[in-house]
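Below is one structure, written out as structure tokens, with a few remarks after it.
The values are calculated or read from the model by the stated rules, or taken from the named source; none is laboratory data. Remember, predicted model here, so these are calculated numbers, not experimental data. Here the Cβ is made from the backbone with ideal geometry for all residues, glycine too, and neighbour counts use every protein chain on show.
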């Protein structure tokens, strides 16, 4: 019996409805499909070119699982990170995403530095998956960043 290796297919799609335009990059391997959507054409093209260069490798699918904040957040968008404390309460840091970093109380943090600094403030807590504890304000509601990919 021969095993068949599924072929990888890569697509770049422009979706237009009236004045609204959205861009999508899709990678297919057998019956598994991953898609990432973009509001900005330049970001979509950069991601497409990045995937095109590696789409035959196993790393291609992993790129769809990584979150690049500039792909899911808008300039000046509110973001928060919460740490659950043993007593049931939580410690929350709020900031705004702007110019590829999170601004909080006069400091500009890259994503991981924002999370690390918050954990340093609450040292008894163990570092968890930062994406699970981060939300962004969308249409008046806090939405988990993981859900924005």
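Being loosely packed, with under 10 Cβ neighbours inside 10 Å, modelled with pLDDT under 85 and part of a strand (DSSP E or B) is the filter here, so list the residues in the range 1-31 that pass it.
Residues satisfying the conditions are 17, 20.
Yes/no matrix, rows are residues, columns are (1) modelled with pLDDT under 80; (2) outside any loop (DSSP other than H, G, I, E, B); (3) in the same structural domain as residue 141 (by TED's automatic domain parsing); (4) closer than 13 Å to residue 111 by Cα:
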site	(1), (2), (3), (4)
45	no, yes, no, no
52	no, yes, no, no
57	yes, no, no, no
61	yes, yes, no, no
81	no, yes, yes, yes
87	no, no, yes, no
95	no, yes, yes, yes
